[in-house]
Amino acid sequence: METVGQDSCGGGDAARGTEWRPAAEARIHFRVTRFIMEAGVKLGMQSIPIATACTIYHKFFCELNVDAYDPYLVAMSSLYLAGKVEEQHLRTRDIINVSNRYFHPGSEPLELDSHFWALRDSIVQCELLVLRVLRFQVSFQHPHKYLLHYLISLKNWLNRYSWQRTPISITAWALLRDSYHGGLCLRFRAQHIAVAVLHLALQVYGVEVPAEAEAEKPWWQIYTMDTEIP
């Protein structure tokens, strides 16, 4: 499977790409992206804005060391910025309150005091830092539209009984969502990630694509041809 390229994820010794992340750092990013996903759902964000927020977060820490900045502050700013990029605008106050409830379950919304305004200013200033670090390149192509197209094609290809008795679609979407815990979104093309999670979902349930043995090429090679879906 073809990778996207080195310039998609940093360059120097301090930022060698997500595949070089040590285990401890990978665990930090896993927890923080889990926070992004859960906070995004509570904020009413759709799948694409949440995916954009995760991608912004991962790309930022491909460029800079995780010890240099608070990962959760970067995550909050990534949510704020992703809302703007995907035209699902969020209020900083909502992000702060959802984040506060995440870290302190059962707590009341923060008062509009000096601590609140300092946190709000930190999110806004961090957003500007993220934009500069990423050179304002914060628009990404996600696998979601490819996976939707592949699932529709596969549904018409398989027999109805095989499709109805196995949750292939649900599993594929869950695998795609979980892939954003790491940096796959920066290392591989969107259509390749989409077909990979679909292939894994089929393997999990032991579903075979009809006439695959007689075909000249595997089905996934047809799907991963360099075609673009507008």
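Of the residues in the stretch 129-179, how many are in a loop (DSSP other than H, G, I, E, B) and hydrophobic (A, V, I, L, M, F, W, C)? Within the stretch 129-179, residues that are in a loop (DSSP other than H, G, I, E, B) and hydrophobic (A, V, I, L, M, F, W, C) number 5. In the set R177, R189, only one residue is among the charged types (D, E, K, R) and crowded, with 18+ Cβ neighbours inside 10 Å; that residue is R189.
Would you call H89 open to solvent by less than 40 Å² (accessible area, probe 1.4 Å) and part of a loop (DSSP other than H, G, I, E, B)? For H89, the condition - open to solvent by less than 40 Å² (accessible area, probe 1.4 Å) and part of a loop (DSSP other than H, G, I, E, B) - is not met. For the stretch 34-84, which residues satisfy the criterion of being of a type in the set (V, I, T) and more than 18 Å from F136 (Cβ to Cβ)? Matches in the stretch 34-84: I36, V41, I48, I50, V66. Looking only at residues of the stretch 92-107 that are part of a helix (DSSP H, G or I) and among the polar types (S, T, N, Q), we find that the one that is surrounded by the most Cβ atoms within 10 Å (Cβ to Cβ) is S99.
In the stretch 129-139, the count of residues that are farther than 21 Å from T33 by Cα and touching a residue at least 24 places away in the same chain (Cβ under 8 Å) is zero.
All of Q141, Q125 fail the test of being more than 24 Å from V209 (Cα to Cα), of a type outside the set (F, W, Y), at pLDDT 95 or above and open to solvent by 80 Å² or more (accessible area, probe 1.4 Å), apart from Q125. Identify, please: which residue in the stretch 33-71 is β-branched (V, I, T) and more than 12 Å from the chain's Cα centre (by Cα) and is, among those, least open to solvent (accessible area, probe 1.4 Å)? The qualifying residue least open to solvent (accessible area, probe 1.4 Å) is V66.
The values are calculated or read from the model by the stated rules, or taken from the named source; none is laboratory data. If you're wondering where the values come from, they're calculated on a predicted model, not measured in any experiment. So basically every Cβ, Gly included, is an ideal-geometry build from the backbone, and we count neighbours across all protein chains shown. For accessibility, only protein heavy atoms count, side chains too; no ligands or nucleic acids. Shrake-Rupley method; radii C 1.70, N 1.55, O 1.52, S 1.80 Å.
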